Structure formats: structure tokens, C-alpha cells
Amino acid sequence: MKTEVVINKGVEEIKRLCAKNALSPMELSLYLNVTWTRIYEIISGRRRITPETDVLLCKFFDLKTGYFAQRQLEYDLIIAARSLEEKLKKVPVICDTIKVQNK
């Protein structure tokens, strides 16, 4: 079974906005007053978009606070669900559990 690749939409949006504004990761890091490795690691998928980074990015790109954090959370939830796939098969749904107890 082939697993579909999950894309972090927050990271893709950072890349798109940087390209649109002709910004390198280094320049973005300077504007945000963070280390360039922080931005590089986010863009390369080795680091999550934290709430602090979200606030900085949203201010800089004039977006509503939480824009990038929401996309990070969506990505994290997909990854978590995939990693728990077998375990989730064994977790009952509460309404099924209550029905069994009431019999």
C-alpha cells in the first residue's frame, strides 16, 4: 500500500510568499530577527512552525495571527493519525462502549 505524501501547507506558503517577494530565507530571518538556521530548518521540514514563529511571520506578511500555526497543526494531526493507525483500530468509540455496558 502506497502512502500519500503529506505536504505542510504552512511551509509551502512561506516558500510561496518568499518567492513572490523575492526574499531568500536569509533575508527573511534578518527581517524577523531570528537565526537563518531557524528559517532554513522550517523550510526544509526539519523544524516545526512554533507559535512564536507564526506570530513573527504573520506580522511580517500581514496575515492574521495563527495562519501558519493552523497549517502546522493540520500537518501534525495527519502525521499523528498515520503513526497511530494500527492503535486507533483498537480504540472503541464511546457510543459503542456505552451500548456494550448497558446490555
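List of remarks:
- Residues LYS89, LYS59, LYS9, arranged from fewest to most other Cβ atoms within 10 angstrom of their Cβ, appear as LYS89, LYS59, LYS9.
- Descending Cα extents along the principal axes, the chain, whole Å: 64, 32, 21
Here, each number is a calculation from the coordinates, and none is a lab measurement. If you're wondering where the values come from, they're calculated on a predicted model, not measured in any experiment. Positions of Cβ are generated from backbone atoms using ideal geometry, with glycine treated the same way; all protein chains shown enter the neighbour counts.
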